[in-house]
Amino acid sequence: MSTTFLPALKLFVIALCFSVFTVAAYPVEPDFQSLWSEADNLRKEAASQGHEWRDTAKVLLEAKKEYKAGNHEKGLMLLSKGRAESLAASAQAAREKKQWNHRVVK
Amino acid sequence: MGKLATLIIALTMYLYGNTLFANPETERAAFRAYFHAKFPDVKKSDFVNGVYALDKNSREQWIEIEEFPPYEIAMGEGQELFDSTRFANGNTYGDCFGDGLSIRKKYPYFDEERAQVVTMESAINDCREKHGAAPLKYRAGDLAKISAYLSYRSRGEIIDVALSSAGAINAYEKGKKYYYTKRGQLNFACVDCHVSSAGMRLRSEMLSPSLGHVSHFPVYRLKWGSIGTLHRRFNECNKQVRAKPQPGQSEEYRNLEYFLSYMSSGLEFNGPGVRR
């Protein structure tokens, strides 16, 4: 059992190391669509809490448009902006759950 | 020991009393007291005039504008629509609203059956749908014109919102939460502009006080160049703080209108108005 298993394990570890080096040496293009979907889901999460910001959806659509047109750098930059806005909007929603009541005129 | 316990209880009551025993009535009293203290020279009944109650120059200009009010044409068109519209089933607006007198003061109210706030504008569309007509757009156009006409016919009547059920209080609470919650990229709540900063300038314009806000809608805004409903203004406020606005007559806006109307109860309706 061990005579077969150990060499196989060694081979697997070597193959794994090789694949890691390969990935590091030849970075691939980011998967724009999955990054975009992740950012859009974050936007939807903020929206479900009633805190979506005015321009986030537009920014994300613009990001997609630019990326498709070959302006990858601009597309990624806009994507990052839309993602950051979505996260900030959700953070605002979480903060306001505790804070809004402190502003009630008493 | 007994004295110490009494002292602790008294201190707790003093510190947290407002929170523990807050109710709509005490909140309304506090809301009004805030504005009356902030603007001691403004007559209490004058808060229905918004910034024109606070700023002498703006008031003079407004009085001049009111000589030939720009909402008059829309109001006339509203009357025409109200009087002459005949739905496919032969009914008219009159079958829902009678002769159009004393309508404004009935709204907003909490409809127990539907478990939601009904505003005058939503009632106009309810009427249309009941008689088989398509609903009108909520923020401007024909609906705002009809609303202007009905508001005009109710001028001088008193805003009177009663929170007479658990459902009504729940709607009030939701409206209150919306009012006091910061939103948008600029991180503003309604209270930031219309309570804390009321009377201050935002660029060239003065920020109006919330007390009396609902009395004069719909308004003809010079900026819009047309007449628009209260929910059109809510929508614009949201956009100005870079929050995604709600559609007209969304639950959020209806509850907000309900909350604001309760806060202004006792003041007069004086719509339609004109604003910059």
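The values are calculated or read from the model by the stated rules, or taken from the named source; none is laboratory data. Small disclaimer: the values here were computed from a predicted structure and weren't measured. For neighbour counting, all protein chains shown are included, and Cβ atoms are generated from backbone atoms with ideal geometry for every residue, glycine included. Accessible surface areas use protein heavy atoms only, side chains included; no ligands, DNA or RNA. Shrake-Rupley method; radii C 1.70, N 1.55, O 1.52, S 1.80 Å.
How do the peptides B:39-45, A:58-64 rank, highest first, by the average count of neighbouring beta carbon atoms within 10 Å per residue?
Values: B:39-45: 12.4, A:58-64: 18.4.
In decreasing order of mean packing, B:39-45, A:58-64 become A:58-64, B:39-45.
Straight distance only, please: which aspartates and glutamates reach the Cα of A:Lys81 with their own Cα at less than 18 Å, same-chain residues fewer than 8 apart left out?
A:Asp31, A:Glu38, A:Asp40, A:Glu45, A:Glu52, A:Asp55, A:Glu62, A:Glu66, A:Glu73
Evaluate peptide A:98-104: per residue, the Cβ atoms of other protein chains within 10 Å of its Cβ; return the mean as an integer.
Shielding by partners across A:98-104 averages 6.
Could you tell me whether the range B:10-149 comes out rounded, prolate or oblate from its Cα gyration tensor? Rule is a ≥ b ≥ c as square roots of the eigenvalues, rounded for a/c under 1.5, then prolate if a/b exceeds b/c, otherwise oblate.
In terms of gyration-tensor shape, oblate.
Describe numerically, in nm with one decimal, the distance between label points set 7 Å from Cα along Cα→Cβ at B:Ser265 and at B:Asp111.
Taking the two extended label points, one gets 2.1 nm.
Just checking the output field for A:47-56: average partner chain Cβ neighbours within 10 Å of each residue's Cβ?
5
How many partner chain Cβ atoms sit within 10 Å of a residue's Cβ in peptide B:30-42, on average, as a whole number?
Across B:30-42, the average partner-chain Cβ count within 10 Å equals 1.
Accessible area per residue of the range B:72-153 at 1.4 Å probe, in Å²?
Working: 4020 Å² over 82 residues.
With all protein chains present, the range B:72-153 gives 49 Å² per residue.
Among the Cys residues of chain B, which have no other cysteine Cβ under 4.7 angstrom away?
B:Cys190, B:Cys193, B:Cys237
Can you order the peptides B:129-136, B:209-216 by their average number of other Cβ atoms within 10 Å per residue, highest first?
Taking the mean over residues of other Cβ atoms within 10 Å, the ranking is B:209-216, B:129-136.
On a 1.4 Å probe surface of the protein chains, which of B:Ile65, B:Ile103 comes out largest in accessible area, and what is the full order?
From most exposed to least exposed: B:Ile65, B:Ile103.
Considering only protein heavy atoms and a probe of 1.4 Å, how much of the accessible area of the protein assembly as shown is carbon and sulfur, as a whole percent?
After summing per-atom areas, the C and S share lands at 58 percent.
Cross-link list B:Lys38/B:Lys223; A:Lys44/A:Lys74; B:Lys182/B:Lys223; B:Lys105/B:Lys145; A:Lys44/A:Lys65: which exceed 21 angstrom alpha carbon to alpha carbon?
Long pairs (Cα-Cα over 21 Å): B:Lys38/B:Lys223; A:Lys44/A:Lys74; B:Lys182/B:Lys223.
Could you tell me whether the range B:130-276 comes out rounded, prolate or oblate from its Cα gyration tensor? Rule is a ≥ b ≥ c as square roots of the eigenvalues, rounded for a/c under 1.5, then prolate if a/b exceeds b/c, otherwise oblate. Could the numbers behind the result be given before it?
Working: a/c = 1.30, a/b = 1.13, b/c = 1.15.
Verdict is rounded for the range B:130-276.
For the pair B and A, how large is the buried accessible area, both sides, in square angstrom to the nearest 100, if the probe is 1.4 Å?
Interface between B and A: roughly 1800 Å².
Just to be sure I understand the model, the point goes 7 Å from the Cα along the line to the Cβ. What's the resulting B:Glu25 to B:Lys3 distance in nm?
3.7 nm
Modelled label-to-label distance, A:Phe32 and B:Trp224, 7 Å Cα→beta-carbon offset: nm?
4.0 nm
Quick check: the angle from helix B:142-153's long axis to the longest principal axis of chain B, C-alpha only, nearest 10 degrees?
Approximately 70 degrees, to the nearest 10.
Tell me the relative contact order for chain B as a rounded percent, counting alpha carbon contacts under 8 Å between residues six or more apart.
Relative contact order, chain B: 25 percent.
Take the alpha carbon gyration tensor of the protein assembly as shown, find the square roots of its eigenvalues, order them as a ≥ b ≥ c, and report rounded if a/c is under 1.5; if not, report prolate when a/b exceeds b/c, else oblate.
Values: a/c = 2.25, a/b = 1.62, b/c = 1.39.
It is prolate, given that a/c is not under 1.5 and a/b is the larger ratio.
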